[in-house]
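Novice: Structure incoming, see below.
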């Protein structure tokens, strides 16, 4: 080749390592076990009084009791119901607004300053106002979660759609795709990874807000259970509630991950 | 179908309001079933010419005429230098894209897509995703996707320029084989004169910006062409001849860029 030519060598080889979540399984399990053992040893040696830090065993016992009396399931049901409603409404609205603002410049011009103005407000500060507007029932709690979930999804979706490679849009148009087809067949699917990342953020935000709202104004829910246990210095119960929240967070992330994998139909991420 | 550029010109409006002449009065006729390569110094508007033909950009002057149009058949399909595949679609789904957009029933378009996957030699890879394929295979998907819609003219924009030299050489033979089986009219933009001479029936040499057709050179080598042609002294003389038409312009263009 003596002519003016540009050569770009592409490297396709990927190291055959397992994904990060599966490396060093013994070390991973060991870390958790080590913390539990240290915790148990510390409490058994009475380094800290049980009222500040009860043993893992007594937290476990408390969990079993909460579960058998039904308190756990009532609290969990109340919290999960609020999260589901708030997260569902908020992320659906966020998706809609995000897509509209992503594909339409005028819509973006309307949405952008409004989002920029409202987004920085800590959402829990809106709860008193929402109670004033919506009464003291479930509505204000669901609304504050919805508002919290809305923003990450709207902002994430908007920027994801805006950042879709223009070449892909051009390719679709070269095949005669209409504007709507470009949105549905190219811009939306190309945005899926970022949209799911923003849904995960929104899920975390929902969990945060449901607990905050329940600590401020509720008579049921995990947040209420934790606050009430704290007031009565029932520390085992308090920590049991925190553990339930941890599991709830893990489950929501895992659920969204499963949904994303299904959406991708086993697509290899490269 | 044949395709004619008649005094086709294109100006871009700069941010400061000024204009850049990308193409100045292009005249070029491509016969039905012909393979025409367009070469020229960098920045001569080669790719702009394809975007005009694809209808993705409006021409500023002159016109582009497609003759003998058959009803329901798209005029053009593009093959991109960067492949432009849809990463979330399998090979088969990528190839179906143009058919899907045109509303072909699912069963029919899948059957057709399978045929074209086979045509480009990717049978067995139907359910793979682009990220699992090598560069050469990705571009075959790009070609199958374009050919599946049965375009009147296949527009190829530096399709091999993102590939390494060895893959490029193999893909040239691949393109010749595919073209031999389809005999689609092809307009092929490249900066690589050897590639143009190896593949095309005629080479249109563009001048530097604003691009115009400096010469249209018939390629004097019989088909089917084999790799041995590249080692032929006549091939070397021919490509050198084409290069000498571009050399001075390329030098000036290179200086302009700095």
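Novice: Which ones in region B:23-56 are over 16 Å from the mean Cα position of the chain (by Cα) and over 19 Å from residue B:161 (Cβ atoms)?
Specialist: Answer for region B:23-56, where residues must be over 16 Å from the mean Cα position of the chain (by Cα) and over 19 Å from residue B:161 (Cβ atoms): B:23, B:24, B:25, B:26, B:27.
Novice: Take residue B:183 and tell me if it is in contact (Cβ under 8 Å) with a residue 12 or more places away in the chain and more than 17 Å from the chain's Cα centre (by Cα).
Specialist: Spelling it out, it is not the case that residue B:183 is in contact (Cβ under 8 Å) with a residue 12 or more places away in the chain and more than 17 Å from the chain's Cα centre (by Cα).
Novice: Has region B:73-93 got any residue that is surrounded by 16 or more Cβ atoms within 10 Å (Cβ to Cβ), assigned to a helix (DSSP H, G or I), at the interface with chain A (Cβ under 10 Å from one of its Cβ atoms) and at pLDDT 95 or above?
Specialist: Yes, the conditions are met somewhere in region B:73-93.
Novice: Applying the selection to region B:174-199, what residues are within 21 Å of residue B:250 (Cα to Cα) and not in a helix (DSSP H, G or I)?
Specialist: Those that are within 21 Å of residue B:250 (Cα to Cα) and not in a helix (DSSP H, G or I): B:188, B:189, B:190, B:191, B:192.
Novice: Let me ask something else about it. Filter region B:212-258 for residues that are outside any helix (DSSP H, G or I) and within 14 Å of another protein chain (Cβ to nearest Cβ) and give the result.
Specialist: Result: B:257, single match.
Novice: Mind checking which residues of region B:200-211 are outside any strand (DSSP E or B), in contact with a strand residue (DSSP E or B) (Cβ under 9 Å, 6 or more places away or on another chain) and buried (at least 19 other Cβ atoms within 10 Å of the Cβ)?
Specialist: Correct list: B:200, B:207, B:209.
Novice: Still on this structure, please answer the following. Here are some residues: B:62, B:25, B:55. Which one is surrounded by fewer than 16 Cβ atoms within 10 Å (Cβ to Cβ) and out of contact with any helix residue (DSSP H, G or I) (no Cβ under 6 Å at 6 or more places or on another chain)?
Specialist: Unique residue meeting the criteria: B:55.
Novice: Select from region A:166-186 the residues that are in contact with a helix residue (DSSP H, G or I) (Cβ under 7 Å, 6 or more places away or on another chain) and facing chain B (nearest Cβ under 8 Å) and list them in ascending order.
Specialist: Listed by number, the residues that qualify are A:168, A:172, A:173, A:175, A:176, A:177, A:181, A:185, A:186.
Novice: Testing residue B:147 on (1) surrounded by 23 or more Cβ atoms within 10 Å (Cβ to Cβ); (2) within 14 Å of another protein chain (Cβ to nearest Cβ); (3) more than 16 Å from the chain's Cα centre (by Cα), one condition comes back false. Which one is that?
Specialist: Against the list (1) surrounded by 23 or more Cβ atoms within 10 Å (Cβ to Cβ); (2) within 14 Å of another protein chain (Cβ to nearest Cβ); (3) more than 16 Å from the chain's Cα centre (by Cα), residue B:147 comes up short only on (3).
Novice: Still on this structure: Given the options A:89, A:76, A:66, A:100, name the one that is surrounded by fewer than 22 Cβ atoms within 10 Å (Cβ to Cβ) and more than 18 Å from the chain's Cα centre (by Cα).
Specialist: Residue meeting the stated conditions: A:100.
Novice: Which condition does residue B:134 not pass, out of (1) farther than 24 Å from residue B:42 by Cβ; (2) modelled with pLDDT of 90 or more; (3) buried (at least 16 other Cβ atoms within 10 Å of the Cβ), if it passes all the others?
Specialist: The failed condition is (3).
Novice: Moving on. Out of the residues in region B:100-114 that are in contact (Cβ under 8 Å) with a residue 12 or more places away in the chain and assigned to a helix (DSSP H, G or I), state the one that is nearest to residue A:167 (Cα to Cα).
Specialist: B:113
Novice: So which of B:167, B:184 is touching a strand residue (DSSP E or B) at 6+ places or on another chain (Cβ under 6 Å) and at pLDDT below 95?
Specialist: Result: B:184 is the single residue among B:167, B:184 that is touching a strand residue (DSSP E or B) at 6+ places or on another chain (Cβ under 6 Å) and at pLDDT below 95.
Novice: Check A:22, A:14, A:46, A:28 and return the single one that is on the phi > 0 side of the Ramachandran plot and either exposed (fewer than 11 other Cβ atoms within 10 Å of the Cβ) or modelled with pLDDT of 80 or more (or both).
Specialist: Result of the check over A:22, A:14, A:46, A:28: A:46.
Novice: Take region B:117-173 and flag every residue that is assigned to a loop (DSSP other than H, G, I, E, B) and without any contact (Cβ under 8 Å) to a residue 24 or more places away in the chain.
Specialist: B:123, B:124
Novice: Please tell me if residue A:243 is without any contact (Cβ under 8 Å) to a residue 60 or more places away in the chain, away from every other protein chain (no Cβ under 13 Å) and at negative phi.
Specialist: No.
Novice: Of these, B:142, B:103, which one is buried (at least 24 other Cβ atoms within 10 Å of the Cβ) and either at the interface with chain A (Cβ under 10 Å from one of its Cβ atoms) or farther than 22 Å from residue B:183 by Cα (or both)?
Specialist: B:142
Novice: Report whether or not residue B:97 is more than 24 Å from residue B:191 (Cα to Cα), surrounded by 22 or more Cβ atoms within 10 Å (Cβ to Cβ) and either touching a residue at least 24 places away in the same chain (Cβ under 8 Å) or within 12 Å of another protein chain (Cβ to nearest Cβ) (or both).
Specialist: Judged against the criteria, residue B:97 is a match.
Novice: Within region B:27-54, can you find the residues that are facing chain A (nearest Cβ under 10 Å), assigned to a loop (DSSP other than H, G, I, E, B) and at pLDDT 90 or above?
Specialist: Residue satisfying the conditions is B:54 alone.
The values are calculated or read from the model by the stated rules, or taken from the named source; none is laboratory data. None of the values given here were measured: they were computed from a predicted structure. We place every Cβ from the backbone using ideal geometry, glycine too, and count neighbours over all the protein chains shown.
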